[in-house]
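What follows is calculated from the coordinates using simple rules that are stated; it is not laboratory data. The shown structure was predicted, so the numbers you read here are calculated from the model rather than taken from an experiment. Note that we place each Cβ from the backbone using ideal geometry, even for glycine, and neighbour counts take in every protein chain shown.
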Amino acid sequence: MPQPAAFTVRPLALAITATLLCMSPLTVQAVETPAAQETTRSYSIGAGSLVSVLNRFAEQSGIFIAGHNSLAAGKTSPGLSGSYTPAAGLQRLLQGSGLQAQPQGNNGYVLELAPLNTGELELGATTISGVALGATTEDSHSYTTGSMASATGLPLSIRETPQSVTVITRQQMDDQGSNSIADTLRRAPGVSVQNYDSERWEFSSRGLPITNFQYDGVNSTYDGVYDYGTTSTDMAVYDHLEIIKGSSGLMSGSGDPSATVNLIRKKPTKEFKASVTGTVGSWDNYRTEGDISGPLTESGNVRGRFVGVYQDRSSYLDHYQHTKDIAYGILEADLTPDTLLTFGIDQQDTRSRGASWTGFPMYFSNGNRTNFSRSFNPAADWSRRDFQNQTIFASVQQKLANDWSLKVSLDRKRSQHDTLLASASGGNPDQATGEGMYMFMGKYKGDQVQNTLDVNLNGPFSLFGREHELIMGFMATRSKQDVPVYGSIYPPVGGSIYDWRGEYPKPDIPRSGQNDIVQRQTGAYLATRLKPTDDLSVILGTRVSNFSNNDTTDFYDPTATDARTSYKQTGVVTPYAGVVYDLNDIWSVYSSYTKIYRPQNTKDADRKLLDAIEGDTYEAGLKAAFFDGRLNASFAAFRIEQDNVAQYVSGFESDSIYRPIAGATTKGFEVELAGEVLDGWNVSAGYTYQHTRDANDDYVYSSVLQTTTPQQVVRLFNSYRLPGALDKVTIGAGVNWQSEFFGNVFQPNPNDTVNFGQYSRITQDSYYLVDLMARYRFNEHLSTTLNVKNAFDKKYYTGLGNFGTGFYGEPRSLQLATRWDF
């Protein structure tokens, strides 16, 4: 094709709307366009020089751009990731450049200066269906995202990712009034939540506990027993979270087959913004949150953000009090046009009084079922579980030649917990007198420091005349737990459980030893996204990992036996393979495979660590992206095969004994819909069915809670901004339904003089919870949102079998949040 005399950017894919941001806001006037120019395609083009980015866009889309060389010279573009029409794509690429691309027909465009300060920009023959979504969800008013990289490390749209993906955006969290990770995940499609006690939760996906948690893609060590505050994480500092269903060993190292939860932090904004939110709710719940962001220099090359939260609340549980302090600060600095430095600190402190250790007894001593009220709290009023979590993180991202990019990240996370626990939860009371109970009492402290280094290099490459993508990287993490050993005691309650008010003298539990746990993991990974044709993507990757664990306990008593356990495995290969085929511009089919390998900290009766869980995950499905990716739909069928899954046998907390079970198989399917169905109507909906059994076709119980997970889970929430004169009002409603699940609990039998009873199965029948919301925006600054959770006040168990106890879910609650945007 002949080039115009002045300047040519080779064929360009998707399209334009022109520059919406040219220092002053512009109004876009949309005009009808031929259907051919409305075609939506998926792109993954890294940031770089404007000329280079436009060239890549042209090659992928097949459009032609002409203009003057001086217009594009020296300018940069943020690149493009996600699904776009030609208009939306070019608008994104040219954003902030002061340029626009004027359609000329026959897939041709002319690059020219955008009108300045005219208040209106006319775009010839272009249709705009909404603002294109990117990797940041804040201010998008959307329930989905345009780009994510949790599954493979490559920036892909949800449709391009060959795994089931759930994204909970900032808008959805605000609409649902979800301030904690537990609130957020209990309403996430495909996820079920159960309580250990008042402070700890277990999250499950596809019938299996979730143990992989990441922060901006950096792995975090998670211990479901000690917890270290992971399940108490406050969501104020996060833009959104991404839930990758199934195994993600390529990026996490251990291919946990349930899911990986990746929390994406808020970033500084290029323009000033700030907000203050005050919240009041049921049971004296008071919360204040502030968020300020913007440029710190006149040029905007240094930007900062600070988020602060203070919350003080009681609970539906008697004599319970919880406070939290959150402080989050982040800086971004453009050291050069191609070098971005990021540095931040995240401090989250929580304190609980009246914190329970397990729940209430499920059986009386005669074998009859108990019936405690939901407000009954077995904890002593001074019982505490305090967490301090501080993360210091830094990264340098360097743009290289030919649109390649190098990123080096370093995280240091220090997690401390200080607990002195007492719960009147032991034993089985006499039904007539309420006597016969004993206390679970223990003192536990811990200090965990985790350092993680991640280096990755990614960019495009050409092969056989086509462009493909590659990412390679190295990760190293070391976690050290310093755990003073105090132990547990079990004194009698000394009265009737019916008279329990949380009053009990504090014990003196002397220190008896020292426990040190050191875990190391290194991994080198490589993944590529090959494009043999325009419609076919093949993602191939592998990771080679090394794992080690040293667990040492030294007792002060010379007659006690010290404990030593260690584990080391090198050269563990975790392959990943995925295929995505575009049936048309909306629908795609995909399949993927991942190896499972996850070391365990659980021990058998000989106090030896169980072998690592190993197995395979298979998945296939159908995905669709409507309205330029603003609405995503998916169907996935999966099969998970595992060996060496830990099954609880006996004991308490860290002294518990487990056994490995073989042939654990999970199979099922899930359907999900997320995004904007109509203008102003956002939906998040999902249905999941899973069937988990061992080799003998028996139920697989959780290793701590001694429960199964529900086989069916339905999650639905939608919000709608009313039209016309009522457009200041947004209403919303949601339904959370799950099928029955079972707990394995010891049932006393006074007539059994040998075993004194047997384990029996308790059933929590299927139940549904209804949530409601309404928001009124008084003006551009002030809005207020009312949330009603569990509107019909359903009574249900949310935890069963944690050392023979049960735990009730939260009753109906109200929350009113008022926000002022500056």
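What to note about this one:
- Put simply, the amide H of Ser365, placed in the peptide plane, has neighbours under 5 Å in Asp430, Gln431, leaving out anything fewer than 5 places away on its chain.
- Förster radius 22 Å - calculated FRET efficiency between Glu740 and Asp793, Cβ distance, rounded to 0.05: 0.65
- Share of alpha-carbon pairs per 10 Å distance bin for the range 409-481, given as whole %: 14, 20, 16, 15, 13, 11, 7, 3, 0
- Net charge of the neighbourhood of Arg206, taken over other residues with C-beta under 9 Å away and scored Lys/Arg +1, Asp/Glu -1, is 0.
- Legend: distances between Cα atoms for Lys245/Lys623; Lys324/Lys794; Lys413/Lys480; pairs beyond 18 Å are Lys324/Lys794.
- Residue pairs exceeding 21 angstrom between C-alpha atoms, taken from Lys273/Lys789; Lys267/Lys531; Lys267/Lys399: Lys273/Lys789; Lys267/Lys531.
- Net charge, Gln690 excluded, C-beta distance under 11 Å - Lys, Arg +1, Asp, Glu -1: +4
- Label-point separation, Leu526 to Asp698 (7 Å along Cα→Cβ), nm: 4.5 nm
- The range 238-288: C-alpha gyration tensor shape, a/c 1.5 cut-off, then a/b vs b/c: oblate
- Packing-based ranking, highest mean first, of 587-600, 556-569, 743-756, 527-540 given that Cβ atoms within 10 Å are counted: 587-600, 527-540, 743-756, 556-569
- Ordering Phe474, Phe792, Phe360 by the number of other Cβ atoms within 10 Å of each residue's own Cβ, fewest first, gives Phe792, Phe474, Phe360.
- Lys/Arg +1, Asp/Glu -1 at C-beta; the chain dipole; positive extreme among Gly89, Ala333, Leu622: Ala333
- Using the Cβ of Val572 as centre and a radius below 12 Å, the other residues enclosed give a net charge of +3, where K and R count +1 and D and E count -1.
- With θ taken as phi - 60° and the Karplus curve 6.51 cos²θ - 1.76 cosθ + 1.60 applied, the whole-hertz 3J(HN,Hα) list for the range 193-205 is 10, 10, 9, 6, 6, 6, 10, 10, 10, 10, 9, 10, 9 Hz, x standing for glycine and proline.
- Cα-based reach from Lys407 at 17 Å (exclusive), listing aspartates and glutamates while leaving out same-chain residues under 8 positions away: Asp216, Glu332, Asp334, Asp338, Asp454, Glu469
- Distance between the pseudo-spin-label points of Asn451 and Trp404 (7 Å out from Cα toward the beta carbon): 2.9 nm.
- Backbone HN-Hα couplings from phi across the range 50-66 [Karplus 6.51/-1.76/1.60, Hz, Gly and Pro as x]: 4, 4, 5, 5, 5, 4, 5, 4, 5, 4, 6, 9, x, 9, 10, 10, 10
- Computed [θ] at 222 nm, deg cm²/dmol, the chain (DSSP H ≥ 4; -39,500 (n - 2.57); rounded to nearest 500): -1000 deg cm²/dmol
- Amide hydrogen neighbours beyond the local backbone of Gly359, cut-off 5 Å, H modeled: Thr805, Gly806
- Rounded, prolate or oblate (a/c below 1.5 giving rounded, otherwise prolate when a/b exceeds b/c) for the range 605-680 by Cα gyration tensor: prolate
- Peptides 427-437, 152-162 ordered by average Cβ neighbours within 10 Å, highest first: 152-162, 427-437
- For the chain, the Kirkwood hydrodynamic radius comes to 28.2 Å, computed from all pairs of different C-alpha atoms.
- What the Cβ-Cβ distance of Ser548 and Leu113 gives, at R0 = 60 Å and to the nearest 0.05, is a FRET efficiency of 0.50.
- Taking label positions 7 Å along the Cα-Cβ direction at both Leu814 and Glu503, the computed distance is 3.3 nm, reported to one decimal.
- Partners of Lys443 within straight-line reach, counting lysines whose Cα lies under 18 Å from its Cα and excluding those fewer than 8 residues away in the same chain: Lys506.
- Here the calculated FRET efficiency for Ile731 and Thr433, from their Cβ-Cβ distance with R0 = 51 Å, stands at 0.50, rounded to the nearest 0.05.
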